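Visitor: Here it is, the structure in full.
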Amino acid sequence: AIHQQILSHRFLIVRTRELWWRKEDCCRFYQEHEGRFFYQRLVEFMASGPIRAYILAHEDAVQLWRTLMGPTRVFRARHVAPDSIRGRFGLTDTRNTTHGSDSAASASREIAAFFPEFSQQRWYEEEEPRLRLGPVLYSPEGGVHCAAGLPGSAR
């Protein structure tokens, strides 16, 4: 359902993967929240099952994704943004279904955490220009978009 929301809002899926983080991975990722009342619940929840991570591309991707996610607090999301991902699928403020970077700088850090082999610089130099030129194809098998007919555009 969330994957379909990403596609229907015309994001390009640059990379995606499913992973299962250990508690230590979650602690490292959310260390800025250490000491806050929700930290332990968040870490436990994030380590409790598989995570689907994405690198998404779109004009103003950070802001657009945050709007699509909806407010962090699920009760608020259900009332002010009922069609948002959190409004539709969120269970509690801790189990609100999605995370999204709040800036390009945090996106870079977070991409490195989920996709350590991914080179943002190489993507901007090699893949992004091909995607801008189009046409762009979506591969259901890989779950990513790539430039049509150009070798080396999907990795």
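Visitor: Can you say whether V80 is over 13 Å from the mean Cα position of the chain (by Cα) and modelled with pLDDT of 95 or more, as far as the supplied structure shows?
Guide: yes
Visitor: Same structure, new question: What about R95, is it basic (K, R) and within 29 Å of E127 (Cβ to Cβ)? Steps first, answer last, please.
Guide: Values: basic (K, R): yes; within 29 Å of E127 (Cβ to Cβ): no.
So R95 fails the test.
Visitor: Between a residue in the range 80-97 that is closer than 19 Å to M46 by Cα and any residue that is surrounded by fewer than 17 Cβ atoms within 10 Å (Cβ to Cβ) and of a type in the set (S, T, N, Q), which pairs come within a Cβ distance under 7 Å, given they are 6 or more apart or on different chains?
Guide: What qualifies is D93/T72; N96/T72.
Visitor: In this structure, does A57 turn out to be within 17 Å of I13 (Cβ to Cβ) and either in the same structural domain as G142 (by TED's automatic domain parsing) or among the aliphatic types (A, V, I, L, M) (or both)?
Guide: yes
Visitor: Under the condition of being among the acidic types (D, E) and either within 14 Å of R15 (Cα to Cα) or assigned by TED's automatic domain parsing to the domain that holds A53 (or both), which residue from the range 111-136 is surrounded by the most Cβ atoms within 10 Å (Cβ to Cβ)?
Guide: E127
Visitor: Another question, if that's okay. Tell me which of these V74 doesn't satisfy, since it passes every other one: (1) touching an Asp or Glu at 6+ places or on another chain (Cβ under 7 Å); (2) modelled with pLDDT under 95; (3) not hydroxyl-bearing (S, T, Y).
Guide: Condition not satisfied by V74: (2).
The values are calculated or read from the model by the stated rules, or taken from the named source; none is laboratory data. The model shown is predicted, which means the values in this text are computed figures rather than measured ones. With ideal geometry, Cβ positions are generated from the backbone for all residues, glycine too; neighbour counts draw on all protein chains shown.
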